[in-house]
Structure formats: structure tokens, C-alpha cells
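> First the structure, which I've put down as C-alpha cells, then a few questions once you've had a look.
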Ligand code: GAL
């Protein structure tokens, strides 16, 4: 079923729900669809749940496992199609715009005006929180994908120097191999393959190249020598995976680094949530560093909550939830657990650990220097169809099903047919 067919069905349901709800009393409960099911993620979601319960809003959990949210978005389509949209949904980037276009999400302008969201949410996020100039999402955080998470003992044994380019990364991975551990813990799922790939694109080509290839989808950039180098580097990185990488969940790859079975994991900063849950301390037990060659740049993704039109009787609960999400103290409490940084620019970094402080400083610096761009793997560079077309080529290549030559030929084709 296409998203447009869903729109037609959903428009009918939203109207029904509105008229049915208008006569009844306010229902102070929310049903929240999200994909935060790993240990660190669940701990963060609990912070939100408890906060809302403190406001008298009861929480019905609708977790849909699957990092990156692809499965959650499939579940959402099914719910909306059957006329039973959840109250609030965790969503990323272009997906927010797609649902807004269908006219099935609630307008948050009044609350945003009352609380001054315009002044505290950075422009890069507002791009996705607003549709047609109207607030339709409340951003809870900013994650970034270009990080490497390293086991401290293995790091020290490798010389204790942070690599600053791709060659340096390879030297460190070689040392991990000599130490007898898996050099790079990877979860072979399309969204994780794509997360690694976008890091390599940024490392090899820099921010201008990332923009040309991934955001502008420039054909020369997608097929040229720099992209060839990217795919060759992906092949090289795959030689550092263990043999069971295929299909592994991202948090299990984090666990390998936590346990010292692996030296490093390339992953967004939600991985830090796993390290913290295991009672590890940054700088002592693990090291967070920008993926070698990407220092000074940030690829971001922001989790936002979108309220669906589910009836007037739920408006108060939706408003309380959106307000809770945007509360500065809540953003500190939530993001110190989640591994992300606040979506507001007026929050101090005092409560954050060293990685969080670095994340906040890097974000501000990258925004200032023009080196901040949306993550493709996490829905902030391209709409879902193009993103998934790119996933396919990247994954087939990483699994050795197609050669680098074939990947270079197929990438622009896949992208073009998805547009
Ligand atoms: C990202 C999301 C994060 C984290 C991650 C893994 O797309 O923004 O909050 O949950 O997926 O599940």
C-alpha cells in the first residue's frame, strides 16, 4: 500500500475520530510508538514515561524493535491504515515531512508559541519539526552518527593515540587483530551498513563530497573515484568483522566492545547508552572519538515526537507530552541516559559526561563552521524511498554480492528509480 492510499484512508479516520472525541471528557493517556528497545534506550524512554506519569498522564507502550526505525515505520503505516493511529510517534527527519504532507498530524503552533520553541530549537532541526511553517513535531534530542566507540584496554594496548584519518583507523584495527580480539564489531543490518558507509563517505571525501553525493545525489559524485575509494574501504573494513556479523543487532555489537571481545564499534551516540547501562565510564573504560577523518564535522539525526490526529479528547495529553519533551530539565535527564545531546540550544552541559560535553561542543562548532549535515542512514538526508534504495546497494556490496564496479553503476540507478 502506498503512502498516498494511506492518506486517503487516514483522512477519513481522522475526521471520524475528531467528531467522536469532541463530546467526551479529556483522556489523559498516551499511546507511544517508538523503537527504543535496547537497554540504554529503554532506560531513556523510562525517564519520559515517569515524567509524564508525574503529570498524571498514563503511558501505553508500543515498542517496535529494530534500530533505525524501519520496522516501526512499517507498524505505523499498518496502524494508520486501519484507522487506529497511536497518540504519539517517535520519528526521524523526512518521515516527519511525509506524514505531515498527508494531513494526519496535529498542529503544535500554540504550544510552540507559548513556550518560545522558535528561539531555542536550531534551524537544522526546525527544518524537520515544521511543515509549511507550522510546528508539527517536538524534538527530544540530537544524535550524531560519526562516532567510534573503543574499548579502553584495547585502545591503550594499541598505543593510546586517537587515529585522525582512515589509515590511522586501519593501523588501530590491525593492532586489535594482533591482540586476538575482533577488531571491528559490526551488526550486518542494512541501516547499520549504511551508518558505517556514511562515515566512510565523510572520512574519505569530507563534508563537501558528502553533500554532493548523499544530499545532492550528484551523479558524478556517486560514480567517481572518491566513491570508488569509499566502496573499496568498505570492503577493507569488512575484513575486520567477525564471521557472525550478519543480522546482528547494534546493541549486541556494543556488548562485544563492552566485554572486551572486540576493539571498536562504529555507531551513533545511542551506543553510549549501552556503555553507561553496563556501568562503564567514558575515558576510563571506553573511549568515544569521532570516526577517524571526520573530526570537525557532524552528521546528525534528531528523534522527534509527532502527535497524530486522534481526537479532541486526547489533545490535552498530547500537549502535556509535547511540553514535557521540550522541557529543558527533562532534556538533560533524558539525553544524559540516551547518549544524545539536547535539541535545545539553551541547555548547559554541566550534567553531561565527557562524551556528551564533546557532542555538544562538536555540534555547536559544526553548525557554526557549516560542517553539519543530516545523516542519510537515519532519515535526515533523503526521503525513505531513496534512503532504502541506497541501503540496498550498500548492503549488497558489503556482503560481497556485488563488486565495487557494480555498486558504482547501481547506486545512481537505484537512487533515480526511487525518486
Ligand atoms: C536511531 C534513533 C536513535 C536510536 C537508534 C538505534 O535512528 O535516532 O534514537 O534509537 O536509531 O535504535
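> Looking only at segment 74-89, count how many residues are touching a strand residue (DSSP E or B) at 6+ places or on another chain (Cβ under 8 Å) and surrounded by fewer than 24 Cβ atoms within 10 Å (Cβ to Cβ). Even if it seems obvious, please write down each step before you answer.
Taking segment 74-89 and keeping what is touching a strand residue (DSSP E or B) at 6+ places or on another chain (Cβ under 8 Å), we get 75-76, 79-80, 85-89.
Adding the requirement that they be surrounded by fewer than 24 Cβ atoms within 10 Å (Cβ to Cβ) leaves 75, 79-80, 86.
Residues that pass the stated criteria total 4.
> Follow-up. Which members of segment 270-287 meet the condition of being away from the ligand (no atom under 16 Å from the Cβ) and in contact with a helix residue (DSSP H, G or I) (Cβ under 8 Å, 6 or more places away or on another chain)? It would help to see each step written out before you state the result.
If we filter segment 270-287 for residues that are away from the ligand (no atom under 16 Å from the Cβ), which is where we start, we get 278-287.
Across segment 270-287, the qualifying residues are 278, 280, 282, 283, 284, 285, 286, 287.
Condition check ((1) over 26 Å from residue 278 (Cα atoms); (2) within 16 Å of the ligand (Cβ to nearest atom)) across all residues:
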residue	(1), (2)
315	yes, no
327	yes, no
338	no, yes
347	yes, no
360	no, no
403	yes, no
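> Test residue 159 against the criterion of being within 23 Å of residue 280 (Cα to Cα) and free of Cβ contacts under 8 Å to residues at least 24 places away in the same chain, and give yes or no. Talk me through it step by step, then tell me what you get.
On the way: within 23 Å of residue 280 (Cα to Cα): yes; free of Cβ contacts under 8 Å to residues at least 24 places away in the same chain: yes.
Taking the combined requirement at face value, the residue satisfies it.
> Are any residues in segment 113-136 crowded, with 21+ Cβ neighbours inside 10 Å and either modelled with pLDDT under 95 or more than 16 Å from the ligand (Cβ to nearest atom) (or both), and if so, which ones? Let's see the steps before the verdict.
Here is the first cut: in segment 113-136, the ones crowded, with 21+ Cβ neighbours inside 10 Å are 117, 121, 125, 128-130, 135-136.
Correct list: 117, 121, 130, 135, 136.
> Could you please give the count of residues in segment 222-256 that are over 19 Å from residue 191 (Cβ atoms) and in contact with a strand residue (DSSP E or B) (Cβ under 7 Å, 6 or more places away or on another chain)?
Of the residues in that region, 2 qualify.
> Could I ask something else about it? It is to be established whether one or more residues within segment 96-109 are closer than 30 Å to residue 254 by Cα and either under 21 Å from the mean Cα position of the chain (by Cα) or modelled with pLDDT of 95 or more (or both).
Initial filter on segment 96-109 (closer than 30 Å to residue 254 by Cα): 96.
Applying the additional criterion that residues be either under 21 Å from the mean Cα position of the chain (by Cα) or modelled with pLDDT of 95 or more (or both) yields 96.
Within segment 96-109 (the criterion being closer than 30 Å to residue 254 by Cα and either under 21 Å from the mean Cα position of the chain (by Cα) or modelled with pLDDT of 95 or more (or both)), the answer is yes, since at least one residue qualifies.
Let's see how each residue does on (1) in contact (Cβ under 8 Å) with a residue 24 or more places away in the chain; (2) within 16 Å of the ligand (Cβ to nearest atom); (3) part of a helix (DSSP H, G or I):
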| site | (1), (2), (3) |
| --- | --- |
| 226 | no, no, yes |
| 230 | yes, no, yes |
| 233 | yes, no, yes |
| 243 | no, no, no |
| 251 | yes, yes, yes |
| 257 | yes, yes, yes |
| 268 | yes, yes, no |
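> Would you mind telling me which numbered condition in (1) under 23 Å from residue 68 (Cβ atoms); (2) within 24 Å of the chain's Cα centre (by Cα); (3) surrounded by fewer than 21 Cβ atoms within 10 Å (Cβ to Cβ) residue 203 fails?
Result: residue 203 fails condition (3) only.
> Considering segment 202-224 alone, what residues qualify as being on the phi > 0 side of the Ramachandran plot and assigned to a helix (DSSP H, G or I)? So that I can check it myself, show each step before the final result.
Going residue by residue through segment 202-224, those that are on the phi > 0 side of the Ramachandran plot are 206, 217.
If the condition is that a residue be on the phi > 0 side of the Ramachandran plot and assigned to a helix (DSSP H, G or I), then 206 is the only one that fits.
> State yes or no: is residue 274 more than 20 Å from residue 387 (Cβ to Cβ), modelled with pLDDT of 95 or more and crowded, with 21+ Cβ neighbours inside 10 Å?
Working: more than 20 Å from residue 387 (Cβ to Cβ): yes; modelled with pLDDT of 95 or more: yes; crowded, with 21+ Cβ neighbours inside 10 Å: yes.
Criteria met by residue 274.
> Could I ask something else about it? Quick check on my filter: what residues within segment 279-291 are part of a loop (DSSP other than H, G, I, E, B), farther than 17 Å from residue 170 by Cβ and touching a residue at least 24 places away in the same chain (Cβ under 8 Å)? Lay out the reasoning, then the answer.
Our first condition is that a residue be part of a loop (DSSP other than H, G, I, E, B); within segment 279-291, this holds for 279-281, 283-285, 291.
Restricting the remaining residues to those that are farther than 17 Å from residue 170 by Cβ gives 279-281, 283-285.
Those that are part of a loop (DSSP other than H, G, I, E, B), farther than 17 Å from residue 170 by Cβ and touching a residue at least 24 places away in the same chain (Cβ under 8 Å): 281, 283, 284, 285.
> Now a separate question. Counting only residues that are assigned to a strand (DSSP E or B) and within 16 Å of the ligand (Cβ to nearest atom), how many does segment 292-312 have? I'd like the intermediate steps shown before the answer.
Looking only at segment 292-312, we keep the residues that are assigned to a strand (DSSP E or B), and these are 298-301, 303-308.
Going one step further and asking which of them are within 16 Å of the ligand (Cβ to nearest atom), we end up with 298-301, 303-306.
Final tally of qualifying residues: 8.
> Quick one: in segment 145-174, which of the residues that are in a helix (DSSP H, G or I) and under 24 Å from the mean Cα position of the chain (by Cα) is surrounded by the fewest Cβ atoms within 10 Å (Cβ to Cβ)?
Here is the first cut: in segment 145-174, the residues in a helix (DSSP H, G or I) are 152-157, 166-174.
Subset that is under 24 Å from the mean Cα position of the chain (by Cα): 166, 169.
Values: 166: 19, 169: 28.
Of everything passing the filter in segment 145-174, 166 is surrounded by the fewest Cβ atoms within 10 Å (Cβ to Cβ).
The values are calculated or read from the model by the stated rules, or taken from the named source; none is laboratory data. Predicted, not measured: the structure shown is a model, and the values here were computed from it. FYI the Cβ positions are ideal-geometry reconstructions off the backbone, even for glycines, and counts take in every protein chain you see.
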